[in-house]
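**Q** If you scroll down you'll find the structure; I have some questions about it.
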Amino acid sequence: MPAYRVRYVRGVALAVVALALCAAAGVALAGAPSRVAGTINVWVVPEGADAMHDLAQAFMRDYPSVRVQVTPLSWEILYARILQDVSAGTGAFDVATWDVMTAGSVARGMLDLEQFGRQNPDLILPGHDPSDFDPVAWRTAGLWEGKNIGFPFYLNTMFLYYRKDLFNDPNLKSQFRQKYGYELVVPDTWGKARDVSEFFTRRNNPSSPTEYGIALMFPRTHTTFYEFLLFFGPYRRSDAGMKKFGPISFEYGDYFTGDLKPAFDSPEGVAAINTIKSLLPFSPDPLGSDYGETIEYFARGLVAMVPQWGAAWASFKAAEALQPADQRVGVALIPGGHSVSGNWGLGVNASSRNQPAAFLFAQYATSKVADKGKFLKFGLLPTRTSTLNDPQVKAADPRMAVLGQIVATQTHRPRIPEEPRLEDVAVGTFTEILLGSVAPEQGLRQLAQEWTKILGR
Amino acid sequence: MAGKPPASAIGLGRGSGQPTPLPEARRPGVTTTLARRQSRTAWLMVAPLVLYLAALTLYPFGYMLVMSLFRYDLASWEPPSFLGLGNYQAAFADRTAAVSWRFTAVLAAAAVSIELLLGFLLAVLILDARGERWIRSALLVPMAVPPVVAGVAWKMLFNYQYGPVNWVLSLFGVSRVSWLGDPFWAGVGIIVADVWQWTPFVFLVLYAGLQSVPDELIEAARVDGASTGQLLWQVRLPLLRPLLWVVLILRLIDVVKLFDIIYMVTFGGPGSATHSISYYIYKVGLSYGWDVGYASALSLLLLAVVSLLVNLLIRGLRLRELLGF
């Protein structure tokens, strides 16, 4: 054989061996079976999009045989697209974040992850450990009627953000004590919140450093639906309330009694809505403001307090008018002591054509490492007990000081399939009551009747 | 040659210079294979377009018609069940639907009237004005802005605390208006946004109409001693009438379907104050409800109302005579 041919054959043989070694190394690195390959489409709510992009990059580095395409979709579009796709079974997405309150609607189209894991033990990541998820997060963002429809992706709940510098100001404290007869502290009840809001509203107190006391949002969007629970929760979850209304179902939430009737059609519901009405004069345009506007009001120093979701912290931390943020912005429990849950799950489409890779990615994006990383890098609240108890996590953010207590006491919206319609009629009625066009008793009674009709009872 | 039919009627043989007899298929009462083949070819040529249109319009329309008779809610995961006219009955008992119809009617009456008036005034004022080309171009800008972008802009403009609209009003001593939180002002806000965006369309059509008025007619009227006002009311306006009615109908159809501005600016609120019927259908069918059956029934009712309105206008205004169709 001529020498050049020998060299050629040797070269080819070496290349083949090198390729085989690389492939073996790749599989070993990924630690996943060869069927984990191809492209997966991930739909994500914008709030979690940066974290998801980051996780996708890391996943593709660890699993080079999988390509992850991340598409951020706004809340309204995301829900509609998920519902459309799971109804049609087209498999347009493989993995998607879903809001806890849409659990009942999307459940049937989602893969049962626990069952899938049992059938594919080789696809379970080491240390996946579902028992490490916070129990409430797991119950709301992981399960629907016993089926494991997702892994909790991030926690979301409402905090009371307040102007720490104003609440610590000795002059203001003295003025407040003179006017109301007690100390100016972060309000722990809505009654005290009313006094504080009045005090910080310039129309009522010309020496107030802020123009308004509190930023509330009651527009014709789902915002009003969850805001109501901040006021109804203290009644519903009080000892008397629990005795009167009965236990709270994770599926039906705090809006319902233990025997699944609307709980707000009661003196407690009326009292809750009257509390809201008492606060409206101290809030800038409460019926015309939504999430973005109220964040802006607080970030620009227009108001002294704002009940807002966890993600708002990032805006406040960077707001020019609130610097230095650690001295000017405080985080506390919602007055009345009951926030509202808004967690997000990460599910796999039952019609996905690439379920192994999708299942693997869903685990990867909710792993202990990812949970901590999402919080430290992107501020998304953790869902795992190990992360919640991590000293580095606890020290990183003032929200963490109250998060545990908030999660344990927070209220829940219904997660049943009829939720969107219940929500829409409720929001219409609530805003009409707040506008004064309907009396609270009458409005809540009508609403309860409409709900009963929608639920077919 | 005088008694001969024109060459085109008898068909001249190409280059022969001699008349060729008509093909058999064109003779009355005679059908031939060629004619059938021509007819088939014609149908084959048109078929893709017909199929395309059928797939895009007839099928969805038929589906909507059928679904309007069913209880079909995607969110509930229950299979469709026949309901007969139940969805239509529900539409008449639905409080939010009633509010939505009412707002749609108010919106149509107010916005279209203002648009017609402003569009006409602008067209008259700009006609023959110096720099009319520039003014005309500038006036068309709102129409070129996508409604969603316009909606975002108006939401910012109407912001209670930091919005430029309230700022401008404050210069005149007017206290802040809750453009998005007060039912009356939210409605006004939607009308303002629609007028801003679509007055240019009315202006454009009427301006073109004014320009097409024959100069001789204007000159003749002037010679007869007509004043500027008389020229406008007694010469130009009567000639513009057909166009005015066409614009009126087009704008009415468009306003009744108004959705995007409402979605972006008020989300139908406060309460249900700015729900247009189109917006409500979107919510029922695609956003908060996924009630395909009920949304279909509402859509068909909307279609019926719009068709009735347009037909009444066409008959009432004798548009067929005016436009010659």
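The values are calculated or read from the model by the stated rules, or taken from the named source; none is laboratory data. Everything numeric in this text was worked out from a predicted model, so none of it was measured. Cβ coordinates were reconstructed from backbone atoms using ideal geometry, including for glycine residues, and neighbour counts include every protein chain displayed. The protein model used for the area step is the full one, side chains on, heavy atoms only, and it has no ligands, DNA or RNA in it. Shrake-Rupley method; radii C 1.70, N 1.55, O 1.52, S 1.80 Å.
**Q** Quick check: at a probe of 1.4 Å, how many percent of the accessible area of the stretch A:64-215 sits on carbon and sulfur atoms? All intermediate terms of the calculation are to be shown ahead of the outcome.
**A** Details: 2920 of 5880 Å².
So the carbon and sulfur contribution to the accessible surface is 50 percent.
**Q** So, one more: Using θ = phi - 60° and the Karplus curve 6.51 cos²θ - 1.76 cosθ + 1.60, what whole-Hz ³J(HN,Hα) does each residue of the stretch A:442-451 get, with Gly and Pro shown as x?
**A** So the J values, rounded to whole Hz, are 5, x, 5, 5, 4, 4, 4, 5, 5, 4.
**Q** Tell me, what ³J(HN,Hα) does each residue in the stretch A:400-405 have, in order and in whole Hz, if you take phi through Karplus 6.51 cos²θ - 1.76 cosθ + 1.60 with θ = phi - 60° and put x for Gly and Pro?
**A** These are the phi-based 3J(HN,Hα) values: 5, 5, 10, 4, x, 5 Hz.
**Q** At 1.4 Å probe size, what's the solvent-accessible area of B:L286? Round to the nearest 10 Å².
**A** Spelled out: B:L286, probe radius 1.4 Å, area about 90 Å².
**Q** Now a separate question. Taking only protein heavy atoms and a 1.4 Å probe, what accessible area per residue, in Å², does the stretch B:44-201 have with all protein chains in place? Intermediate results must be reported in sequence, preceding the final value.
**A** Values: 9110 Å² over 158 residues.
Per residue, the stretch B:44-201 has an accessible area of 58 Å².
**Q** Could you please tell me the mean projected area of the C-alpha convex hull for the protein assembly as shown, averaged over all directions and given in square nanometres to one decimal? Let's see the in-between values first.
**A** Working: hull surface 229.7 nm².
Reported value for the Cα convex hull: 57.4 nm².
**Q** Using the alpha-carbon centroid of each, what span in Å lies between the stretch A:150-211 and the stretch A:288-355?
**A** 17 Å
**Q** Follow-up question, since we're still on this one. Could you work out the helix-only [θ] at 222 nm for chain B, with each DSSP H run of four or more residues adding -39,500 (n - 2.57) and the total divided by the number of residues, to the nearest 500 deg cm²/dmol?
**A** On the way: 16 runs with 205 residues, N = 325.
Rounded to the nearest 500, the figure is -20000 deg cm²/dmol.
**Q** What is the mean number of Cβ atoms from other protein chains located within 10 Å of the Cβ atom of each residue in peptide A:282-294, rounded to a whole number? List each step's numbers first, then the result.
**A** Values: counts 0, 0, 7, 13, 4, 11, 17, 6, 4, 0, 2, 6, 0.
Taking the mean over all residues of the peptide, I get 5.
**Q** Which percent, to the nearest 5, of DSSP beta bridges fully inside chain A are antiparallel? If you can, show how the numbers build up before the last one.
**A** Numbers: 25 of 37 bridges.
Of all bridge pairs located within chain A, approximately 70 percent are antiparallel.
**Q** Still on this structure, please answer the following. Could you calculate the contour length gain from A:I124 to A:K377, that is, 0.36 nm times the residue separation minus the distance between their Cα atoms, to one decimal place in nm? Working shown, then result.
**A** Numbers: separation 253, 0.36 × 253 = 91.08 nm, distance 2.56 nm.
The A:I124-A:K377 span can extend by a further 88.5 nm.
**Q** Taking the DSSP beta bridges in the protein assembly as shown as the whole, what percent of them are antiparallel, to the nearest 5? All intermediate terms of the calculation are to be shown ahead of the outcome.
**A** Values: 29 of 41 bridges.
Counting only bridges with both partners in the protein assembly as shown, antiparallel ones make up about 70 percent.
**Q** Could you calculate the FRET efficiency of A:A318 with A:R81 from 1/(1 + (r/R0)^6), where r is the beta carbon distance between them and R0 is 35 Å, rounded to 0.05?
**A** Working: r = 31 Å, r/R0 = 0.87.
Efficiency at R0 = 35 Å is approximately 0.70.
**Q** Something else about it: Just to be sure I understand the interface: list residues from the stretch A:424-443 that lose 30 Å² or more of accessible area between the chain on its own and the complete protein assembly, 1.4 Å probe.
**A** A:D424, A:E432, A:L435
**Q** Buried by at least 40 Å² relative to the chain on its own: which residues of the stretch B:277-291 qualify, computing accessible area with a 1.4 Å probe on protein heavy atoms?
**A** Those are B:Y288, B:W290, which lose 40 Å² or more relative to the chain on its own.
**Q** Moving on to the next point. Can you tell me the FRET efficiency between A:A439 and B:V46 if r is taken as the Cβ-Cβ distance and R0 is 45 Å, rounded to the nearest 0.05? Intermediate values should be presented prior to the final figure.
**A** Numbers: r = 63 Å, r/R0 = 1.40.
With R0 = 45 Å, the Cβ-Cβ based efficiency is 0.10.
**Q** Given contacts defined as C-alpha pairs under 8 Å and at least six residues apart, what's the relative contact order of chain B, whole-number percent?
**A** On the way: 350 pairs, mean separation 79.1, N = 325.
The value is 24 percent.
**Q** For the stretch B:150-188 and the stretch A:396-439, what is the separation of their Cα centres, given in Å?
**A** About 27 Å separates the Cα centre of the stretch B:150-188 from the one of the stretch A:396-439.
**Q** Ranked highest first by the average count of other Cβ atoms within 10 Å around their residues, in what order do A:203-214, A:113-124 fall?
**A** A:203-214, A:113-124
**Q** If packing is taken as the average count of other Cβ atoms within 10 Å, what order do A:55-67, A:164-176, B:255-267, A:325-337 fall into, highest mean first?
**A** Numbers: A:55-67: 17.4, A:164-176: 15.8, B:255-267: 22.1, A:325-337: 19.6.
Most protected by this proxy first, the peptides run B:255-267, A:325-337, A:55-67, A:164-176.
**Q** With all protein chains present, calculate the accessible area of A:K277 using a 1.4 Å probe and round the result to the nearest 10 Å².
**A** Roughly 70 Å² of A:K277 is accessible to a 1.4 Å probe.
**Q** So, one more: Please average, across the residues of B:74-81, the number of beta carbons from any other chain that are within 10 Å of each residue's own beta carbon, and give a whole number. Walk me through the intermediate numbers first.
**A** On the way: counts 8, 13, 7, 8, 1, 0, 0, 0.
Mean shielding by partner chains, rounded to a whole number: 5.
**Q** Between A:Q327 and B:M143, with labels modelled 7 Å along Cα→Cβ, what's the label distance in nm to one decimal, could you check?
**A** 5.8 nm
**Q** Could you provide, to the nearest whole Å², the per residue accessible area of the stretch A:280-391 with probe 1.4 Å?
**A** Each residue of the stretch A:280-391 exposes 29 Å² on average to a 1.4 Å probe.
**Q** What is the magnitude of the charge dipole of the stretch B:95-232 about its Cα centre, with +1 placed on the Cβ of each Lys and Arg, -1 on the Cβ of each Asp and Glu, and no other charges, expressed in debye to the nearest 20? Display every interim value, and only then the final one.
**A** On the way: 8 positive and 9 negative charges, 140 e Å.
Its charge dipole is roughly 680 debye.
**Q** So what are the ³J(HN,Hα) numbers for the stretch B:136-143, from phi and the Karplus equation (6.51, -1.76, 1.60; θ = phi - 60°), rounded to whole Hz, Gly and Pro as x?
**A** For the stretch B:136-143, the Karplus-derived couplings read 4, 5, 5, 5, 7, 4, x, 5 Hz, x marking Gly and Pro.
**Q** Under a crude label model (7 Å from the Cα following the beta-carbon direction), how far is A:Q69 from B:W167 in nanometres?
**A** A separation of 4.2 nm, rounded to one decimal place.
**Q** What is the distance, in nm, between label points placed 7 Å from the Cα along the Cα-to-Cβ direction at A:S174 and at B:D94?
**A** It is 6.2 nm.
**Q** Can you tell me the FRET efficiency between A:E114 and B:I253 if r is taken as the Cβ-Cβ distance and R0 is 51 Å, rounded to the nearest 0.05? Present the calculation step by step, with values, prior to reporting the outcome.
**A** Values: r = 53 Å, r/R0 = 1.04.
Step by step, r from the Cβ atoms, then E = 0.45.
**Q** Placing +1 at every Lys and Arg Cβ and -1 at every Asp and Glu Cβ, with all other atoms neutral, what dipole size does chain B have around its Cα centre, in debye to the nearest 20?
**A** Computed charge dipole of chain B: roughly 1020 debye.
**Q** Sketch the reach of a paramagnetic label on B:A153 as a point 7 Å from Cα along Cα-to-Cβ, and name the residues of the stretch B:173-198 whose backbone nitrogen lies under 17 Å away.
**A** Label zone hits: B:189-198.
**Q** What's the buried accessible area, both sides, between B and A using a 1.4 Å probe, rounded to 100 Å²? Write out the running numbers ahead of the final one.
**A** On the way: alone 20040 and 19070 Å², together 36120 Å².
That pair hides around 3000 Å² of surface in total.
**Q** Also, I was wondering about something else. Near the amide H of A:M305, under 5 Å away, which other amide H atoms are found, from residues 5 or more places off or on another chain, if H is placed in the peptide plane?
**A** Sorted by chain and number, the residues that satisfy this are A:I214, A:A215.
**Q** Return the long-range amide H neighbours of A:D285 (sequence gap of 5 or more, or a different chain), with a cut-off of under 5 Å between placed amide H atoms.
**A** It is none; the list stays empty.
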